[in-house]
Amino acid sequence: MGGTPQCPRCDGAVRAPSIWHSGHTCAVHGEVVPLQPPHPGDAEHLAWVSRHSDVPVWLPWPLPDGWLVTGTRCVRDDRHESQAVVVAVSGPHHGPAPGPRVADLLLVSEQPGTGLGAHLAGRDDLDPGEGLTTGRPAVRLHAAGASTPLWSVPADGDRCVLVGEAGGVWLWALLWPAAAGATLLDDLQLVDLRDPAHELDVPCGAMSPRLRWTAVAAPARA
């Protein structure tokens, strides 16, 4: 898939390593592990991502009826395995308006200090920060069999943003439209595609427009 690496914290262009810097650098945030361009979902690519990730590669399984894997993005370079992985899934959602809509879910798994999930949530901090993951959680899902609380993050536009911890790293869930949040996420089962026991032959579809930043501002899909 074409495109150039970006800073995971601001979408800015990054400079390639040079004799002055051993890693990629952002003019605003200094040295970063870059966010790679989006890639459509397919079994071969999912297998590659799973082999080269330091964080869980979360997938709702079984997928809700009619849902498909619709792409991935990774924060990685030649010196680092993936420090963050985004998996997009999309499918029908029956909301209060007549007829089904297409709902889009991005699951972001990331090492602390990466900043991608916070950036997509419209926040300036690197990690969820003080106060976001306290109090009563908005939903509970199951990640690799473990009960996993997620807390709501204030967000603009017709989207739902939640964050918690799973597999020893941060888990962000961004869902459009916002009305799909409670019904789709509560008690959702996630599997880690790095688990060799899981079959990687999953249904895949056309790449989600939410994977092309600024995903938070992407128009609603009919």
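The values are calculated or read from the model by the stated rules, or taken from the named source; none is laboratory data. Predicted, not measured: the structure shown is a model, and the values here were computed from it. All Cβ positions, even for glycine, are placed from backbone atoms using ideal geometry, and neighbour counts span all protein chains on display. SASA here: full protein model, heavy atoms, side chains in, ligands and nucleic acids out. Shrake-Rupley method; radii C 1.70, N 1.55, O 1.52, S 1.80 Å.
One residue stands out among those in the range 164-177 that are more than 11 Å from the chain's Cα centre (by Cα) and in contact (Cβ under 8 Å) with a residue 40 or more places away in the chain: the one that is nearest to residue 128 (Cα to Cα), which is 169. Taking the conditions (1) open to solvent by 10 Å² or more (accessible area, probe 1.4 Å); (2) within 30 Å of residue 198 (Cα to Cα); (3) of a type in the set (A, V, I, L, M) in turn, residue 155 satisfies each one other than (2).
Restricting the range 40-77 to residues that are among the aromatic types (Phe, Trp, Tyr) and touching a residue at least 24 places away in the same chain (Cβ under 8 Å) leaves a set whose member that is surrounded by the fewest Cβ atoms within 10 Å (Cβ to Cβ) is 61. In the set (1) within 13 Å of the chain's Cα centre (by Cα); (2) closer than 22 Å to residue 61 by Cβ; (3) not polar (S, T, N, Q), residue 116 fails one condition alone, (2). All told, residue 86 falls short of being at pLDDT 95 or above and either over 15 Å from the mean Cα position of the chain (by Cα) or in a loop (DSSP other than H, G, I, E, B) (or both). From the list 217, 173, pick out the single residue that is closer than 30 Å to residue 4 by Cβ and modelled with pLDDT under 95. After ruling out the rest, the residue left standing is 217.
Considering only residues in the range 160-172 that are open to solvent by 10 Å² or more (accessible area, probe 1.4 Å) and in contact with a Leu (Cβ under 8 Å, 6 or more places away or on another chain), the one that is farthest from residue 147 (Cα to Cα) turns out to be 160. One residue stands out among those in the range 108-138 that are within 18 Å of residue 167 (Cβ to Cβ) and β-branched (Val, Ile, Thr): the one that is surrounded by the fewest Cβ atoms within 10 Å (Cβ to Cβ), which is 133. Against the test of being open to solvent by 30 Å² or more (accessible area, probe 1.4 Å) and outside any loop (DSSP other than H, G, I, E, B), the options 184, 105, 175, 190 yield a single qualifying residue, 184.
Looking only at residues in the range 108-147 that are in a strand (DSSP E or B), out of contact with any Pro (no Cβ under 9 Å at 6 or more places or on another chain) and touching a residue at least 40 places away in the same chain (Cβ under 8 Å), the one that is farthest from residue 77 (Cα to Cα) is 142.
For residues that are of a type in the set (Val, Ile, Thr) and assigned to a loop (DSSP other than H, G, I, E, B), scanning just the range 1-31, find the one that is modelled with the lowest pLDDT.
19
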